[in-house]
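Asker: Sharing a structure with you now.
What follows is calculated from the coordinates using simple rules that are stated; it is not laboratory data. Nothing here was measured: the structure is a model prediction, and the numbers come from that model. For neighbour counting, all protein chains shown are included, and Cβ atoms are generated from backbone atoms with ideal geometry for every residue, glycine included.
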């Protein structure tokens, strides 16, 4: 659950964004600029968090009145070397916020920190990751909690879709690219897995809300709606002029999350009563319209 230090939205003095060239960070940057928020975007070109003196470099750029949005990561984490590299990045941030305790620290984590469940997950669910990616995010949360004693917020989004995704991961982003390229959409198994997906524009809006309210605590960014990968693929296929074929393929290995990963989004409703998540099918329609221009 979140606690707002500003019940009424209050403009941050400046938001420093780490990982500014990334998918969520760049969309959040655009949203903040649309609200006339002063932003200092730091991509890897401006600040490489893996460099030995990254902590000192970041310290020199921060002021005590800044809000710091930490989105930088090398993801998804696939091996131990990537895990360690991501922890070194967080170590640099910890060094900087010890030296310059900023006004507000917001970290974009992941729902991967949670153990699987056959019931909808919420912010009180067991954080016991079974993937290196989830371990990385949970370890970073613990590191930041130990290093920074000011207003701290962890945002844990689920699978994110929308224009600008760099990963081409299985799901809406890959399916949309395949559909617009006239390619066959190939599902794992029959695409029967049920998952929650959230629009990147919704993520950016909630990032902005959290920064304006100087919110603290934990919030899952999840729509509260599950849809199967087949339903998503077929909806996307129906949006394009020449619908591609949607086919299943033999599944190899265990189905991720036992085929079901749902969330209770009541904490978002409680924290931001005027906010409403975009439904997956409306979000996909919006996504398609943006591609078409």
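Asker: What percent do you get for the relative contact order of the chain when only Cα pairs under 8 Å and 6+ apart count?
Answerer: 22 percent
Asker: So what is log10(I(q)/I(0)) for the stretch 39-86 at q = 0.21, 0.23, 0.25 1/Å, when the Debye sum runs over its Cα atoms only?
Answerer: -0.83, -0.95, -1.05
Asker: Looking at the square roots a ≥ b ≥ c of the eigenvalues of the Cα gyration tensor of the stretch 59-141, which shape do they give, rounded for a/c under 1.5, prolate if a/b is larger than b/c, or oblate?
Answerer: Oblate shape, in that a/c is at least 1.5 and b/c is the bigger or equal ratio.
Asker: Put a dot 7 Å past each Cα toward the Cβ at residue 79 and residue 8; how far apart are the dots in nm?
Answerer: 5.5 nm
Asker: Restricting to Cα pairs below 8 Å that are 6+ residues apart, what does the relative contact order work out to for the stretch 93-218? Please round to a whole percent.
Answerer: Result for the stretch 93-218 is 31 percent.
Asker: Given the options 124, 38, 208, state which has the largest fluctuation in a GNM of the chain using a 10 Å cut-off (strictly under) for Cα springs.
Answerer: Of 124, 38, 208, the most mobile in the Gaussian network model is 124.
Asker: Can you give the Rg to Rh ratio for the chain, taking only C-alpha atoms and Rh from Kirkwood?
Answerer: So for the chain, dividing Rg by the Kirkwood Rh gives 0.97.
Asker: If you don't mind, another one. For the stretch 160-280, what is the relative contact order in percent, using Cα pairs closer than 8 Å and at least 6 residues apart in sequence?
Answerer: It comes to 38 percent, rounded to a whole number.
Asker: Given R₀ = 35 Å, what would the calculated FRET efficiency be for residue 30 paired with residue 149, taking r from the Cβ atoms and rounding to 0.05?
Answerer: Calculated transfer efficiency: 0.65.
Asker: When the chain is fully extended, how far beyond the present Cα-Cα distance does residue 275 get from residue 290, taking 0.36 nm per residue of separation?
Answerer: Net length gain for the segment: 3.2 nm.
Asker: Among 19-28, 174-183, 284-293, how do they line up by average Cβ neighbours within 10 Å per residue, starting with the highest?
Answerer: Ranking, from highest mean packing down: 19-28, 174-183, 284-293.
Asker: Right, something else. Extent of the stretch 169-278 along each principal axis, from alpha carbon coordinates, in Å, largest to smallest?
Answerer: Taking max minus min along each principal axis of the Cα atoms, the stretch 169-278 gives 46, 33, 18 Å.
Asker: Assuming R0 = 45 Å, can you tell me the calculated FRET efficiency for the pair residue 87 and residue 242, based on Cβ-Cβ distance, to the nearest 0.05?
Answerer: Given R0 = 45 Å and the Cβ-Cβ separation, E is 0.45.
Asker: Shifting gears a bit: Taking a ≥ b ≥ c as the square roots of the Cα gyration tensor eigenvalues, with a/c under 1.5 meaning rounded and otherwise prolate when a/b beats b/c, else oblate, which class fits the stretch 1-88?
Answerer: prolate
Asker: When DSSP beta bridges are limited to those with both residues in the chain, what percentage is antiparallel, rounded to the nearest 5?
Answerer: Counting DSSP beta bridges with both partners in the chain, the antiparallel share is about 20 percent.
Asker: Next up: Obtain the nm distance between the two label points defined at residue 46 and residue 1 by a simple spin-label model: each point lies 7 Å from its Cα along the Cα-to-C-beta direction.
Answerer: Spacing of the two 7 Å Cα→Cβ label points: 3.7 nm.
Asker: Would the stretch 1-158 count as rounded, prolate or oblate if I go by the C-alpha gyration tensor, calling it rounded below 1.5 in a/c and otherwise prolate when a/b exceeds b/c, oblate otherwise?
Answerer: In terms of gyration-tensor shape, oblate.
Asker: Would you kindly state how much longer the chain becomes between residue 183 and residue 252 on full extension, computed as 0.36 nm times their sequence separation minus their alpha carbon distance, in nm to one decimal?
Answerer: Taking 0.36 nm per residue and subtracting the Cα distance, the gain is 22.6 nm.
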